[in-house]
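Here the structure is laid out as structure tokens; the discussion comes afterwards.
The values are calculated or read from the model by the stated rules, or taken from the named source; none is laboratory data. Since the model is a prediction, treat every value here as computed from it, not as a measurement. In this analysis, Cβ positions are derived from the backbone assuming ideal geometry, glycine residues included, and neighbour counts consider all displayed protein chains. Areas reflect the complete protein model, heavy atoms only, side chains present, ligands, DNA and RNA absent. Shrake-Rupley method; radii C 1.70, N 1.55, O 1.52, S 1.80 Å.
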Amino acid sequence: MPLSTSKSEKAKSFDLAYQSSGMYYGWVVRPEFERFFNNIDLTGKTALDLGAGEGRYSIHLARRGCAVTAVDFSASGLNKLQGIAEQERLPVTTVLCDLETYAFPENTFDVVVAATILDHLETGARHRAMAGMAAALKPGGLLYVNVFTTEDPGYAAAGAVDAEGVSDTSFGMAHYFAPGELKSCFTGLALLDYYEGVEEDTSHGKPHHHGWASLIAKKE
Ligand SMILES: C[S@@+](CC[C@H](N)C(=O)[O-])C[C@H]1O[C@@H](n2cnc3c(N)ncnc32)[C@H](O)[C@@H]1O
């Protein structure tokens, strides 16, 4: 299905960002993700990375032994990701697709990652994706989600990407999560870790801040 005009404008803007040399968002994954998953043997596991972009989470998981399926609507992000995976001979499959129409497989993945993507989806698509993510986990599978919250300066700036302290890629945002909201989204899963806070980000564009919420949960 072709992307709507506003969707294709957003995909083009991400394409442009990912055409930069190097990793636009850097290689660093969130500390709560690294802390938790570093203590788990991921050899031979399968992972789904939603809104994977240029793939810092996909590559991190693949280097740890996971076969990764990476989904995004940015062709240049996925091309960059595929190139890195091929160079390192890592098992990454890329899927160029709008998450609004992605057919979530059921009971398929040991790990599902959604790093700053649920907040890019409008309400209906977001709820569909959240249900799809839980369904896509195998029993015993682990979910990692992070999103931006209403504490993020981008929320008050209401779309003004040039405003003081706001991320240059906040154009992609559809929904800033209220405090506690992310925690209430996956009540069918066992909550293992939850974090909310505001932090500086110097990884891309001008220095800015983000209001973060992140969650790790398990499908029993
Ligand atoms: C803020 S970036 C995060 C990228 C990656 N998860 C990371 O943490 O480095 C958001 C990503 O979501 C993708 N995206 C946004 N809306 C999407 C949609 N409707 N379908 C597929 N991908 C989408 C963008 O192309 C972009 O790569």
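Being within 15 Å of the ligand (Cβ to nearest atom) and either touching a residue at least 60 places away in the same chain (Cβ under 8 Å) or under 19 Å from residue 89 (Cβ atoms) (or both) is the filter here, so list the residues in region 64-78 that pass it. Don't jump to the end; show me each part of the working.
Step one: list which residues in region 64-78 are within 15 Å of the ligand (Cβ to nearest atom), which gives 68-78.
Scanning region 64-78 gives 68, 69, 70, 73, 74, 75, 76, 77, 78.
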Seminar exercise, completed: Matching residues in region 37-51 (more than 13 Å from the ligand (Cβ to nearest atom) and of a type in the set (D, E, K, R)) number 2
Exercise. Given the conditions (1) under 23 Å from residue 146 (Cα atoms); (2) touching a Ser or Thr at 6+ places or on another chain (Cβ under 9 Å); (3) not aliphatic (A, V, I, L, M), which single one is not true for residue 38?
Worked result: (2)
Seminar exercise, completed: Going through (1) without any contact (Cβ under 8 Å) to a residue 24 or more places away in the chain; (2) more than 15 Å from the ligand (Cβ to nearest atom) one by one, residue 188 fails only at (1)
For this session: With the condition kept exactly as written, say whether any residue in region 134-147 is away from the ligand (no atom under 16 Å from the Cβ), more than 17 Å from the chain's Cα centre (by Cα), on the phi > 0 side of the Ramachandran plot and surrounded by fewer than 24 Cβ atoms within 10 Å (Cβ to Cβ).
Result: yes
Exercise. Counting just the residues of region 51-64 that are out of contact with any Asp or Glu (no Cβ under 8 Å at 6 or more places or on another chain) and not in a helix (DSSP H, G or I), which one comes out surrounded by the most Cβ atoms within 10 Å (Cβ to Cβ)?
Worked result: 54
Problem set entry | Only one of 122, 100, 181 that is charged (D, E, K, R) and either more than 16 Å from the ligand (Cβ to nearest atom) or closer than 22 Å to residue 209 by Cβ (or both) | 181
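Quick one: which of 34, 88, 54 is at negative phi, of a type in the set (Asp, Glu) and away from the ligand (no atom under 14 Å from the Cβ)?
Numbers: 34 fails: away from the ligand (no atom under 14 Å from the Cβ); 54 fails: away from the ligand (no atom under 14 Å from the Cβ).
From the options 34, 88, 54, the qualifying one is 88.
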Exercise. Taking residue 37 and the conditions (1) open to solvent by 40 Å² or more (accessible area, probe 1.4 Å); (2) in contact (Cβ under 8 Å) with a residue 60 or more places away in the chain, which numbered condition does it fall short on, given that it satisfies the others?
Worked result: (1)
For this session: Residues being surrounded by 13 or more Cβ atoms within 10 Å (Cβ to Cβ), β-branched (Val, Ile, Thr) and part of a loop (DSSP other than H, G, I, E, B): count how many of those fall in region 161-220.
Result: 3
Problem set entry | Set 214, 184: member being touching a helix residue (DSSP H, G or I) at 6+ places or on another chain (Cβ under 7 Å) and modelled with pLDDT of 95 or more | 214
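Working carefully through the options 8, 21, find the one that is assigned to a loop (DSSP other than H, G, I, E, B) and more than 8 Å from the ligand (Cβ to nearest atom).
On the way: 8 fails: assigned to a loop (DSSP other than H, G, I, E, B).
Of 8, 21, the one residue that is assigned to a loop (DSSP other than H, G, I, E, B) and more than 8 Å from the ligand (Cβ to nearest atom) is 21.
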For this session: Would you point out the residue of region 97-119, among those that are surrounded by 15 or more Cβ atoms within 10 Å (Cβ to Cβ) and among the charged types (D, E, K, R), that is farthest from residue 217 (Cα to Cα)?
Result: 98
